[in-house]
Amino acid sequence: MLSAERSQFELTDEQRQIGELAAEIAQREIAPHVARWDREHAFPRELYGKLTEAGIMGIVVPEEYGGAGADYISYALAIEEIARVDAGTATTVSVHSMICSALVRLGTEVQKRRWLPKLATEDVIAGFALTEPDAGSDAASIRATARRTAGGYVLNGRKQWCTNGSQAGVVMAMFRTGGRGPKGVSAFMVDASTAGIVVEKVTEKLGIHTSNTVDLAFDDAEIPADALLGEEGDGFGNAMKALTAGRIGIGAQATGILAACLDESVRFAKERAAFGRSIGAFEGVSFKIAQMATDLDAARLLVYRAAALADAGKPFAVEASKAKLFASTAARKHAAEALQIHGGYGYTTEFPVERHYRDAKITEIYEGTSEIQQVIIARSLLGKLE
Ligand SMILES: Cc1cc2nc3c(=O)[nH]c(=O)nc-3n(C[C@H](O)[C@H](O)[C@H](O)COP(=O)(O)OP(=O)(O)OC[C@H]3O[C@@H](n4cnc5c(N)ncnc54)[C@H](O)[C@@H]3O)c2cc1C
């Protein structure tokens with residue numbers, strides 16, 4: 001049964017079908033291999049051809065560009081079901097979909113026709129490059145530059161921790177075209193095969209080992225003028241718009257990790273015996289599971305609310321921040337509880353909870369840390385106080 005249905009959330013037939021499709025693919029194509037991929041830090045490149053074929057990589061792309069044209073609730077369901085099996089794959093799909101969605105909302109018709117069919121149907125993956133060694137949460141202080149030339153722009157600088165970076169065909173990347181601060185930043189859809197773009201480093205991580213995280217160096221990389229996304233100076237705002245929608249994906253990813261922790265905890269608590277009883281008979285264990293199930297429902301409903309607002313064309317930034325903040329905190333906390341319920345077995349690689357424990361932490365960091373989500377939520381209530 002789909003996770004959503006377990007919390008009695010009403011789904012349309014299409015939403016249910018997409019969720020079931022994602023769950024089925026995750027079980028068939030990811031579950032048998034994920035422990036090995038995680039151990040080997042392998043990016044399963046061949047998987048993405050299968051996800052493309054199934055319509056998952058084009059899930060948010062309108063049908064006229066070859067996509068599924070699905071809504072954000074369907075998208076959240078798909079990410080949740082994938083993350084329930086492998087959070088790393090959910091990272092790849094979520095970042096890719098964030099770029100697709102940004103292109104749909106912000107791209108010119110030429111840019112959409114150039115990239116969306118490739119991203120939806122041709123197994124081309126998208127990456128996102130905003131962060132730099134000295135600019136993370138304070139993204140308006142990026143230093144990498146795009147210099148205007150007669151034919152377009154020349155890119156220089158270094159981007160850090162670019163998800164999908166060495167696997168991407170196209171990267172949405174932010175560079176400075178003007179003076180200091182957010183108004184000097186522009187966004188570009190950069191063809192990753194452009195001369196002068198080099199993968200400088202592949203980052204080793206605590207978790208999400210099946211996702212690709214790299215530093216990219218731009219050394220006099222020449223791109224055409226029509227790679228500019230929106231107007232010059234709109235880049236910071238456009239990156240924030242992309243990330244706002246992206247937070248629905250990361251909230252759903254955290255929810256999927258949490259759902260996996262609950263599945264594993266229930267199974268183990270019924271099977272494992274101590275002092276002549278199932279450990280689930282001890283309140284010290286069963287209350288942890290009760291809280292996990294409650295927080296899972298709450299996380300899911302916050303994610304679906306943000307997705308429903310986005311689908312209705314209403315403002316959803318604060319709701320997306322709340323969804324990501326709650327779901328990621330709950331995922332990190334309950335992954336630790338799930339490991340504790342498993343006792344010593346939880347600390348071994350024989351059970352997947354140690355992977356969920358390592359994977360959960362990133363959801364509190366990328367696409368805006370928990371503190372940044374709190375800044376956004378607090379500002380919506382208090383305004384910008386000096
Ligand atoms: C695995 C991984 C994948 C990533 N993928 C991408 C990607 O695809 N593209 C991309 O551009 N970036 C990516 N990132 C970068 C990620 O988005 C940043 O790490 C994140 O935004 C935080 O920035 P930072 O690491 O520089 O931390 P900092 O901004 O230096 O923050 C350090 C600490 O200070 C806190 N802090 C900072 N400012 C405030 C404030 N105003 N109020 C309260 N607390 C504050 C933070 O919450 C944090 O706890 C990725 C990172 C990782 C680890």
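Mind checking whether some residue in the range 283-290 is in contact (Cβ under 8 Å) with a residue 12 or more places away in the chain, out of contact with any Cys (no Cβ under 8 Å at 6 or more places or on another chain), assigned by TED's automatic domain parsing to the domain that holds Gly346 and polar (S, T, N, Q)? Yes; the residues of the range 283-290 include at least one that is in contact (Cβ under 8 Å) with a residue 12 or more places away in the chain, out of contact with any Cys (no Cβ under 8 Å at 6 or more places or on another chain), assigned by TED's automatic domain parsing to the domain that holds Gly346 and polar (S, T, N, Q).
All told, Ser101 meets the bar of being polar (S, T, N, Q), surrounded by 17 or more Cβ atoms within 10 Å (Cβ to Cβ) and in contact with a helix residue (DSSP H, G or I) (Cβ under 7 Å, 6 or more places away or on another chain).
Scan Arg158, Arg148, Arg180, Arg176 and give me the residue that is more than 9 Å from the ligand (Cβ to nearest atom) and at pLDDT below 95. Break it down stepwise before answering.
Values: Arg158 fails: at pLDDT below 95; Arg148 fails: at pLDDT below 95; Arg176 fails: at pLDDT below 95.
Checking each option against the conditions leaves just Arg180.
Do we find a residue being in contact (Cβ under 8 Å) with a residue 60 or more places away in the chain and under 22 Å from His96 (Cβ atoms) anywhere in the range 331-340? Checked against the condition, which is being in contact (Cβ under 8 Å) with a residue 60 or more places away in the chain and under 22 Å from His96 (Cβ atoms), the range 331-340 yields at least one hit.
Being farther than 27 Å from Tyr366 by Cβ and not assigned by TED's automatic domain parsing to the domain that holds Val95 is true for just one of Gly276, Gly251. Which residue is that? Give the derivation first.
Values: Gly251 fails: farther than 27 Å from Tyr366 by Cβ.
So the residue among Gly276, Gly251 that is farther than 27 Å from Tyr366 by Cβ and not assigned by TED's automatic domain parsing to the domain that holds Val95 is Gly276.
Restricting attention to the range 297-315, the residues that are over 18 Å from the mean Cα position of the chain (by Cα) and either farther than 20 Å from Ala70 by Cβ or not assigned by TED's automatic domain parsing to the domain that holds Leu339 (or both) total 3.
Across the range 339-386, the number of residues qualifying as within 11 Å of the ligand (Cβ to nearest atom) and in a helix (DSSP H, G or I) comes to 14. Give the residues of the range 52-97 that are surrounded by 24 or more Cβ atoms within 10 Å (Cβ to Cβ) and either among the aromatic types (Phe, Trp, Tyr) or at pLDDT below 95 (or both), sorted by residue number. Across the range 52-97, the qualifying residues are Tyr72, Tyr75. For the range 202-217, a residue qualifies if it is near the ligand (Cβ under 10 Å from one of its atoms) and among the charged types (D, E, K, R), and exactly one does: Lys205. Taking the numbered list (1) over 23 Å from Ala102 (Cβ atoms); (2) in contact with a helix residue (DSSP H, G or I) (Cβ under 9 Å, 6 or more places away or on another chain) in turn, Gly67 passes all entries but (1). The residue that is farthest from Ile208 (Cα to Cα), among those in the range 126-145 that are surrounded by fewer than 24 Cβ atoms within 10 Å (Cβ to Cβ) and more than 9 Å from the ligand (Cβ to nearest atom), is Thr145.
The values are calculated or read from the model by the stated rules, or taken from the named source; none is laboratory data. Only a predicted model underlies this, so the values are computations on that prediction, with no experimental measurement involved. All Cβ positions, glycine included, derive from the backbone under ideal geometry; neighbour counts span all protein chains shown.
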